[in-house]
Amino acid sequence: MSGAAATDPDAVPAQAVLQALPQPILVLDEERRILFANYAAEAFFATSLSVLARQALDDLVAFGSPLVSLVGTAGRRRAPMMEYRVRIGSSRFGDERVADVFASPVSDEDGRVVMLIQERTTADKIDRQMVSRGAARSATGLAAMLAHEIKNPLSGIRGAAQLLEQSVPAEEVPLARLIRDETDRIVGLIDRVEVFGDERPMEREPVNIHVILDRVKLLARNGVARDVALFEEYDPSLPPVLGNRDQLIQVFLNLIKNASEAVERIQNPEIRISTAFRPGIRISVAGAAERISLPLEIVIEDNGPGVPPDILPFLFDPFVTTKANGSGLGLALVAKIVGDHGGVVDCESRPGRTRFRILLPVASGAAEGDQPR
């Protein structure tokens, strides 16, 4: 900052700038004790500044963490250092987090180092989902184009099978029925694929996401999740989302159905539904000049065995499934509907905890105190 700017009465204090940044920032002394942490760092480590200020970086992160060596190297060399896709473990949060980390000496006169953490997990998942969504549209566009041509001969096959049922010997009737039933199953699969090719604009209006979730919970308790304990943790101040009520019900019912199937063979099966307002996540989408904020968070969590790690990155791709008899279209449809609403969905999974998180934009002009219908 220039001398003129430093004496400008309207100049913004450096600390206020650091507090406004969405990335976690720590300032450390020569012993790696924490001198300053911005609000984002407090949220990242789930610890207040008063607690952080009594600790060293070595106490905050897992033993042998690359953060310690990165800060040490930056301090010794008096030069900026950076590492990409660093795994950060801490007793302050459960799972390891992946982040790009930047460390730089504050000045040449002392050993203080400033460290900035750019978490990669959310960005990577959103990027992966955008790629998956484009691939899904290409594949399903072709499938939708062929669906009509496939249905015509299937209709003839089904009709022929019905005639055979009336004319074949009794012992061959089950075979004719099998042809008819399998034809119906293929038609049903084609109908589900055709949904992906439907690019017509859907009707949307401001809706209260908790009304949607209460309806889904009622349906689940009387159907797919009747033997599962359902818990909820809602933020009552959430503003409305601009959405299609029926499609959002389908999204959350699909997720709870999947969760119910995941916990059906364990003791004390549980599903937790939570909502929160999380400002700070913004993405660029096609057709929009500005980045869109996604502050509404809805999480469906279960205590099942988890998703296999080799499948997790492709979970929302069409025809990818962990079920022996699954079609692999349920979660792909969830991703499509959420994408059509301008949101994203991701999944974090380990044995004993699987979390599907949906981020949605608020309805245009909505404020946190709005009362949607």
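The values are calculated or read from the model by the stated rules, or taken from the named source; none is laboratory data. None of the values given here were measured: they were computed from a predicted structure. Every residue, glycine among them, receives a Cβ derived from its backbone with ideal geometry; neighbour counts consider all protein chains shown.
Taking the condition modelled with pLDDT of 60 or more, assigned to a helix (DSSP H, G or I) and within 30 Å of residue 99 (Cα to Cα), does residue 124 pass? Answer is yes for this residue. Residues that are modelled with pLDDT under 90 and out of contact with any helix residue (DSSP H, G or I) (no Cβ under 7 Å at 6 or more places or on another chain) were ranked within region 206-234; the one that is farthest from residue 152 (Cα to Cα) is 227.
Contact annotation: residue pairs with Cβ atoms under 6 Å, 6 or more positions apart or on different chains, pairing a residue in region 214-227 that is part of a loop (DSSP other than H, G, I, E, B) with a partner that is surrounded by 12 or more Cβ atoms within 10 Å (Cβ to Cβ) and of a type outside the set (D, E, K, R), are 224/260; 225/256; 225/260.
Selection of first residues in region 317-340 that are closer than 18 Å to residue 262 by Cβ and of second residues that are modelled with pLDDT under 80 and of a type in the set (S, T, N, Q), restricted to Cβ pairs under 6 Å at least 6 apart or on distinct chains, gives the following pairs, ordered by first then second residue: 328/321.
In region 165-181, the residues that are assigned by TED's automatic domain parsing to the domain that holds residue 153 never reach a residue that is among the aliphatic types (A, V, I, L, M) and surrounded by fewer than 12 Cβ atoms within 10 Å (Cβ to Cβ) with C-beta atoms less than 6 angstrom apart, at least six apart or across chains. Hey, any hits in region 280-287 for a residue that's modelled with pLDDT under 90, part of a loop (DSSP other than H, G, I, E, B) and of a type in the set (Lys, Arg)? Among the residues of region 280-287, not one is modelled with pLDDT under 90, part of a loop (DSSP other than H, G, I, E, B) and of a type in the set (Lys, Arg), which makes the answer no. With respect to the conditions (1) among the basic types (Lys, Arg); (2) over 15 Å from the mean Cα position of the chain (by Cα); (3) modelled with pLDDT under 85, residue 272 falls short on a single one, namely (3). Does residue 16 satisfy the criteria of being farther than 22 Å from residue 111 by Cα, in a helix (DSSP H, G or I), within 29 Å of the chain's Cα centre (by Cα) and assigned by TED's automatic domain parsing to the domain that holds residue 69? In short, no.
Matching residues to (1) among the polar types (S, T, N, Q); (2) assigned by TED's automatic domain parsing to the domain that holds residue 115; (3) surrounded by fewer than 16 Cβ atoms within 10 Å (Cβ to Cβ); (4) not in a helix (DSSP H, G or I):
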position	(1), (2), (3), (4)
22	no, yes, yes, yes
26	no, yes, no, yes
62	no, yes, yes, yes
67	no, yes, no, no
72	no, yes, no, no
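Here are some residues: 90, 104. Which one is at pLDDT below 85, among the polar types (S, T, N, Q) and under 14 Å from residue 26 (Cβ atoms)? Result of the check over 90, 104: 90.
Note on region 354-373: residues that are over 15 Å from residue 235 (Cα atoms) and at pLDDT below 90 amount to 6.
Based on this model, can you work out whether residue 342 counts as part of a loop (DSSP other than H, G, I, E, B), buried (at least 21 other Cβ atoms within 10 Å of the Cβ) and either modelled with pLDDT of 75 or more or in the same structural domain as residue 19 (by TED's automatic domain parsing) (or both)? So residue 342 does not fit the description; no.
For region 163-187, a residue qualifies if it is over 46 Å from the mean Cα position of the chain (by Cα), surrounded by 12 or more Cβ atoms within 10 Å (Cβ to Cβ) and not β-branched (Val, Ile, Thr), and the qualifying residues are 164, 165, 172.
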